[in-house]
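Colleague: Below: one structure in structure tokens.
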Amino acid sequence: FKQYLDIRLASLRLIASEIKEQNLDGEVAELGGYKGKFASEINKLFPNKKLYLFDTFEGFYREDLDIEKSHGYSKCKEGNFSDTNVELVKNKLPYEEKAQFIKGHFPESIKEDLPNFCFVSIDTDLY
């Protein structure tokens, strides 16, 4: 897992550098943040951009697991990734005032118009 995270962070740093160099407009987001490790890196690299975090912040929903299992896509169990919450993630963010937490099942959790994004990380584990 550590090697995966190192590669992911290196990629994020390269992307962030390019976004800054190109002076791209838009906010940043993460879909599927679990405990906020990667979100904290996004927040750190983009201190002047609003960070939108989309997650249940309570693990997988049973109906999603049932669909994944019926197709043989996942061996995850109910309760996996449930050891998280908004406060846990918020406490990891260096610029928490720039974060907006959108809790719930994506895309149903979106209740507002969203801005344009220059970067979105998608890591939902279940697809």
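The values are calculated or read from the model by the stated rules, or taken from the named source; none is laboratory data. The structure presented is a predicted model; accordingly, all values stated were derived computationally and were not measured. Don't worry about glycine lacking a Cβ; one is built from the backbone with ideal geometry, like all the others, and counts go over all protein chains shown.
Colleague: Could you tell me how many of the residues in the range 23-47 are free of Cβ contacts under 8 Å to residues at least 60 places away in the same chain and more than 17 Å from the chain's Cα centre (by Cα)?
Modeller: Here the count works out to 1.
Here is a yes/no grid of residues against (1) more than 13 Å from the chain's Cα centre (by Cα); (2) modelled with pLDDT of 95 or more; (3) part of a loop (DSSP other than H, G, I, E, B):
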| residue | (1), (2), (3) |
| --- | --- |
| Lys49 | yes, yes, yes |
| Tyr52 | no, yes, no |
| Phe57 | no, no, yes |
| Phe60 | yes, no, yes |
| Lys69 | yes, no, no |
| Tyr73 | yes, no, yes |
| Asn80 | yes, no, yes |
| Asp83 | yes, no, yes |
| Leu88 | yes, yes, no |
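Colleague: Related question: Just give me the residues in the range 65-104 being over 24 Å from Leu9 (Cα atoms) and in contact with an Asp or Glu (Cβ under 8 Å, 6 or more places away or on another chain), in sequence order.
Modeller: Of everything in the range 65-104, those that are over 24 Å from Leu9 (Cα atoms) and in contact with an Asp or Glu (Cβ under 8 Å, 6 or more places away or on another chain) turn out to be Leu65, Ser74, Cys76, Lys103.
Colleague: Looking at the range 90-104, which of its residues are assigned to a loop (DSSP other than H, G, I, E, B) and either touching a strand residue (DSSP E or B) at 6+ places or on another chain (Cβ under 6 Å) or among the hydroxyl-bearing types (Ser, Thr, Tyr) (or both)?
Modeller: Hits for the range 90-104 are Leu93, Tyr95.
Colleague: So His71 fits all but one of (1) touching a residue at least 40 places away in the same chain (Cβ under 8 Å); (2) surrounded by fewer than 14 Cβ atoms within 10 Å (Cβ to Cβ); what number is the exception?
Modeller: (1)
Colleague: If I ask for residues that are farther than 24 Å from Ser11 by Cα and either hydroxyl-bearing (Ser, Thr, Tyr) or modelled with pLDDT of 85 or more (or both), which ones from the range 108-127 would you list?
Modeller: Ser109, Ile110, Asp113, Leu114 - these are the residues of the range 108-127 that are farther than 24 Å from Ser11 by Cα and either hydroxyl-bearing (Ser, Thr, Tyr) or modelled with pLDDT of 85 or more (or both).
Colleague: When both residues are 6+ apart or on different chains and their Cβ atoms are under 8 Å apart, which pairs have a first residue that lies in the range 10-22 and is in contact (Cβ under 8 Å) with a residue 12 or more places away in the chain, and a second that is assigned to a helix (DSSP H, G or I) and surrounded by 12 or more Cβ atoms within 10 Å (Cβ to Cβ)?
Modeller: Final answer for the pair search is Leu12/Phe38; Leu12/Glu41; Leu12/Ile42; Leu12/Leu45; Arg13/Leu45; Ala16/Leu45.
Colleague: I'd like to check something: does the range 33-53 contain any residue that is out of contact with any His (no Cβ under 8 Å at 6 or more places or on another chain), more than 15 Å from Cys118 (Cα to Cα) and among the hydroxyl-bearing types (Ser, Thr, Tyr)?
Modeller: yes
Colleague: Can you go through Ile19, Ile7 and tell me which one is more than 13 Å from the chain's Cα centre (by Cα), β-branched (Val, Ile, Thr) and crowded, with 16+ Cβ neighbours inside 10 Å?
Modeller: Only one candidate qualifies: Ile19.
Colleague: Looking only at residues in the range 24-35 that are part of a loop (DSSP other than H, G, I, E, B) and at pLDDT 95 or above, which one is nearest to Phe81 (Cα to Cα)?
Modeller: Gly26
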